[in-house]
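Report on the structure given below.
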Amino acid sequence: MELIFRPDPDLTPALLDELTRLWTDVNNTGGAVGFTGDTTYEEVRPEIDRYAESVAAGRHRLIAGLDPDGRLRATAFLGFNTHRLQGHYAWLTTVMVDPSLQRGGHGRALLAAAEEHARDLGLEALKLTCRGGMGLEDFYASVGYQEVGRVPGGLRVAADDYRDDIMMWLPLTPPARSHAGRASLDGAFGNIRSERKSGLRCSATH
């Protein structure tokens, strides 16, 4: 199945409902999308409403992946920085693919659509964080992201389960020279490596 990726769709009640159900389904099939253990529609919906408010205020943009019937099957959000020194990049968050479509290349297509939209907006880089122990950093690395930071045990997903909080960075422009005179992150697009089995479960929401 081919998905059509549409930036900035209208956040209608129907789309918000689909987004809530997608988030719930991704979480409950093992996705790292900001919750611990199984969750419910009612628990996820407040997060959706906060996103809707942020989109309306211009702080986030949504990229929606729609199937041929117009059903929401994938999402990613671009979150904009307000600090004067960080306006050149955006955060990539809540990267999700319908569990029934995972491992079909849709995750890569979603990231490519997010990258294209970011370039169209004049952004110079994308930044995200992901949960350790799931191979997500390898998936993101396979499409050009580079690990630029890691907090060991920075995420607690259960009383006895601590995961690394991993930061990834994707330059969208040629590398610039840092203040120390060292070239910044090497080329944004490294060799594509094979996608790990768990890759499409990921989200930059932890």
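So what's the net charge close to residue 73: Lys and Arg +1, Asp and Glu -1, counting the other residues with Cβ under 13 Å from its Cβ?
Details: positive: 6, 21, 71; negative: 2, 18, 25, 67, 69, 98.
Net charge around residue 73: -3.
Distance in nm between label sites at residue 138 and residue 42, each 7 Å beyond Cα in the beta-carbon direction?
4.0
Semi-axes, largest first, in whole Å: what does sqrt of 5 times each Cα gyration tensor eigenvalue give for region 1-135? Don't skip to the answer; put the middle values down first.
On the way: eigenvalues 96, 58, 54 Å².
Three semi-axes, in Å: 22, 17, 16.
Take the Cα gyration tensor of region 80-161, multiply each eigenvalue by 5, square-root it, and list the three semi-axes largest first, rounded to whole angstrom. Spell out each step's value before the answer.
On the way: eigenvalues 107, 78, 25 Å².
Value: 23, 20, 11 Å, ordered largest first.
The numbers here are math on the coordinates, done by the rules we state, and not lab data. All figures in this text were calculated on a predicted structure; none of them were measured in a lab. Note: ideal-geometry Cβ built from the backbone for every residue, glycine included; neighbour counts use all protein chains shown.
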